[in-house]
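Written below as structure tokens is the structure these notes are about.
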Amino acid sequence: QVQLVESGGGLAQAGGSLRLSCAASRTIFSFNLMGWYRQAPGKQRELVADISSDGSTNYIDSVKGRFTITRGNAKNTVYLQMNSLKPEDTARYYCDGKTSLGANYWGQGTQVTVSS
């Protein structure tokens, strides 16, 4: 069974940094698109950033200039470097991978909490 596992979340102070990691297990294929979503209590899950196989990236406006999404050397790995963290970044962050046929895989999430 293929699964995505996130790590790197935790508690940070405003202005601090965290680096989230995501790795897929038992993969026999490559994801065309990988990304990071987040969901805060009482709010909808939103796409934070994604990256395609060709390296193209996309970010929501609120994180541009602060967050950077990258692919790792290993197949189906992705990272999210989060700098200049703000309290409003507090959420549970989920890794996502999508195949060419549209199949979608999710991780269990990692909590990011930013104190003011």
Inset, instruction - Check the range 72-81 and report whether any residue there is in contact with an Asp or Glu (Cβ under 7 Å, 6 or more places away or on another chain), surrounded by 13 or more Cβ atoms within 10 Å (Cβ to Cβ) and touching a residue at least 12 places away in the same chain (Cβ under 8 Å). - result: no
Inset, instruction - Output the number of the condition that Y93 fails; it satisfies all remaining conditions of (1) hydroxyl-bearing (S, T, Y); (2) open to solvent by 10 Å² or more (accessible area, probe 1.4 Å); (3) at negative phi. - result: (2)
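Could you tell me whether any residue of the range 78-98 is more than 23 Å from G16 (Cα to Cα) and of a type in the set (S, T, Y)?
No: the range 78-98 contains no residue that is more than 23 Å from G16 (Cα to Cα) and of a type in the set (S, T, Y).
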Legend entry - Number of the condition not met by V112 [criteria: (1) exposed (fewer than 14 other Cβ atoms within 10 Å of the Cβ); (2) touching a helix residue (DSSP H, G or I) at 6+ places or on another chain (Cβ under 8 Å)]: (1)
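From A103, A12, which residue is among the hydrophobic types (A, V, I, L, M, F, W, C) and open to solvent by less than 20 Å² (accessible area, probe 1.4 Å)? Lay out the reasoning, then the answer.
Details: A103 fails: open to solvent by less than 20 Å² (accessible area, probe 1.4 Å).
Result: A12 is the single residue among A103, A12 that is among the hydrophobic types (A, V, I, L, M, F, W, C) and open to solvent by less than 20 Å² (accessible area, probe 1.4 Å).
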Legend entry - Filter result (modelled with pLDDT of 95 or more and over 18 Å from the mean Cα position of the chain (by Cα)) within the range 100-116: S115
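Residues are listed down the side, and each one gets a yes or a no for (1) without any contact (Cβ under 8 Å) to a residue 60 or more places away in the chain; (2) open to solvent by 30 Å² or more (accessible area, probe 1.4 Å); (3) part of a loop (DSSP other than H, G, I, E, B); (4) not hydrophobic (A, V, I, L, M, F, W, C):
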| residue | (1), (2), (3), (4) |
| --- | --- |
| W36 | no, no, no, no |
| D50 | yes, no, no, yes |
| G55 | yes, yes, yes, yes |
| S62 | yes, yes, no, yes |
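The values are calculated or read from the model by the stated rules, or taken from the named source; none is laboratory data. Please read these numbers as outputs of a predicted model, since none were measured by experiment. A quick note on method: Cβ atoms are made from the backbone with ideal geometry, for glycine too, and the neighbour counts reach across all protein chains shown. Accessible surface areas use protein heavy atoms only, side chains included; no ligands, DNA or RNA. Shrake-Rupley method; radii C 1.70, N 1.55, O 1.52, S 1.80 Å.
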